Structure formats: C-alpha cells, structure tokens
Amino acid sequence: MMERDACEGTVPMENRSWRQPVTNWFRGWNQLWVEGEPDRLFDWVLNGEADWVQRERDRWSRVREQQRKRELKPIKGETRIRVIREEKRAEDVEMQLVIHQRFLYKQLDQLGEQEEVQGYRLRLTESGEGWSISQCQLDEEMDTDVDQLWTYYQPPEESRLTQGRYNRMRAVQYAETWWNGANPRYQKMSDDCTNFISQCIHAGGIPMDFSGRRDRGWWYRGSWENWSYSWTVAHGLENYLSSGGAMGAQQVHSPQDLELGDIICYDWDGDGRWQHNTIVTAFDPMGMPLVNAHTVNSRHRYWDYRDSHAWTPRVKYRFYHLQG
C-alpha cells in the first residue's frame, strides 16, 4: 500500500512511469482549484473526447462558477493519495484509490476550508507516448473511512431525556467527529448518507420513533437489517421529515432559513425520488450553509453540491428545520 502527497512535478511524456499520470492528475486538481486552468490537467488523459472527460470538464466549470458566485479567493489545494489495489497487465493498469482533498480559501477576509474523501477506480493504458489515464470513475461503494480511536458517542443523559428537544451543537459535534469514519455502534451501509444523518439527529437528542414495521417510524435496533427505511434510505427520511414525525420537522423555503443541525435533501434528477441528505454544520461569511455528509465523505461542503459528480441541472432541494 502506498500513501503520498500528490505534489510531484511533471516529467516528459515519453519518460513517465504508469504511476506518474495518476500523481499528476490529482495534483492538477489542486492547481485547478487555485488557478482555474483545466488544459494542463487533461494532458494526462488518453482520449480527451471521452464522455467521462467531458463530465469532469463540466464539473470543474461548475466549481469555478461556484467560486465566482461565492466570491471565493482560492488559496491552496491539498491532495493525499492512498492506493487500495493495483493490477498491472500487459497493456494497462487498473487501480483503486482513496483521494483525500482539502481546499483552503478566503471569503470576505475570512479563511475557510472544505474536505472530501472519495474512492476512485482508474485505468491506465500504455501507448507510444507512455502511460495515460483512459478511465477515471468515482467508486461510491469503496470503504474510504479512516479508523477512529473514539468510542461510541452517546448523548449525555439530559439530552436523551428531553422528550425530543433537539440539541443542535451535539448533532454538529457528532457530524464533525464521524464525517470521515464509521461509528461501530451502527451497521455501515454501502450508501451511507442517510444512516449517517440519522445518527447525527439522534445524537442531538431526538428519540427514535419505534414501530413494528420497517416502512413506519424512524428507528434502529442494532442488528442486521433491523431498522426503518427512514433511518437508512434517503427517500424514506425525506418522507418522514415532510410528515413532521416525532422530529417536528418544518420545511422552509431557502437555505438561509436553516440553522446548525438542520437537514437538506437532494433529488439529483428532479424526478421526485430523493437520493441524498446532508446536515448543516457551519455557515460561510455570507450566511450560506456548509454541510457534512457520507457516501462521498464531506466536511463543510457548500450546500448546493454543484461541485458533485451527481449534480445535474434538474436538481431539486428541500430544506428542513428541526425544532430545537
């Protein structure tokens, strides 16, 4: 297993090893975050017209647009690469990588940062000019969590006995502690976003709404597949929030109406099927929410997710305020 910073310099095309394109590809993300010059990044790609390349170009265009909208001054990008698996064959190499990114910026004279940890599958192909990346695909099912030294977080006794009153700071504390790790108290899901958000809400003191059926209430009993759909499925949690439920959630009209510990739901395709949930853990100097999430483990990410591979122009959002 190899772990290193993606900070090595570019070498001539004909002399580079098959690992060099990988290092320079992710190093290029740091440069692109700060400088906004995409052409150098795609020098390491075998087919610049491939669909995945165009999607990546479009995503970075959205990143730049988001920076302008937020009036950010990018300062620095840091990327760490952890190789999970590599298989070298006759003419190509397949790799699984965990990429930990940290982006620093200034906004209205205040420093800010965001972090993401994502799993990727890469294929590199050898040609007459050396090795190039022929495929780069996000792997959302890869386990990217780091090992945690903390024991199970349990809300203090007074929090758990307040009959549903929501302690926002404890929910945020939990989200900050476990944004890039899995609490062993709970089953880890392959698509873990809603399971993580439910844990955050419960850590904030909201009691479970137990039911004998998985399609009712909001609960987790701690054994294999012994939890409600609303606890683990994005669409199920959105339905539970929209009904009010034991949380007393209220839908609000804009992200500016949210407070710490509130929830945002995402329908990427705009077809009425909710696919992602996040929790508000901070605000930027303009008063806009920053969120933590799982699946693609994220910390202090801007709420609209325009920098996400999943984002589409058809996206719809719902904003839920939990009574505190």
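The values are calculated or read from the model by the stated rules, or taken from the named source; none is laboratory data. Computed from a predicted model, the values in this text were never measured in an experiment. Cβ coordinates were reconstructed from backbone atoms using ideal geometry, including for glycine residues, and neighbour counts include every protein chain displayed. We work out accessible area using only protein heavy atoms, side chains counted, and drop any ligands, DNA or RNA first. Shrake-Rupley method; radii C 1.70, N 1.55, O 1.52, S 1.80 Å.
Assorted remarks:
- The solvent-accessible area of F26, taken with every protein chain present and a 1.4 Å probe, is close to 0 Å².
- Pairs of lysines in the chain (C-alpha under 29 Å apart; 8 or more residues apart or interchain): 7
- Site pair E71 and D143 shows an inter-label distance of 4.6 nm when each label is modelled 7 Å from Cα along Cα→Cβ.
- Residues M169 and L104, FRET efficiency given R0 of 41 Å [Cβ-Cβ distance, rounded to 0.05]: 0.95
- A cut-off under 13 angstrom between Cβ atoms defines the neighbours of F319, and their net charge, with Lys, Arg +1 and Asp, Glu -1, is -4.
- Helices in the chain, meaning DSSP H runs of at least 4 residues, each add -39500 (n - 2.57). Divided by all residues, the mean residue ellipticity at 222 nm is -7000 deg cm²/dmol.
- Length released on extending from E129 to E37, taking residue separation times 0.36 nm less the Cα-Cα span: 30.8 nm
- For the range 115-121, 3J(HN,Hα) computed residue by residue from phi via the Karplus equation (6.51, -1.76, 1.60; θ = phi - 60°) reads 10, 9, 10, 9, x, 9, 10 Hz, glycine and proline entered as x.
- Whole-Hz ³J(HN,Hα) from phi, Karplus 6.51 cos²θ - 1.76 cosθ + 1.60, for the range 88-95, glycine and proline x: 9, 10, 4, 10, 8, 9, 10, 9
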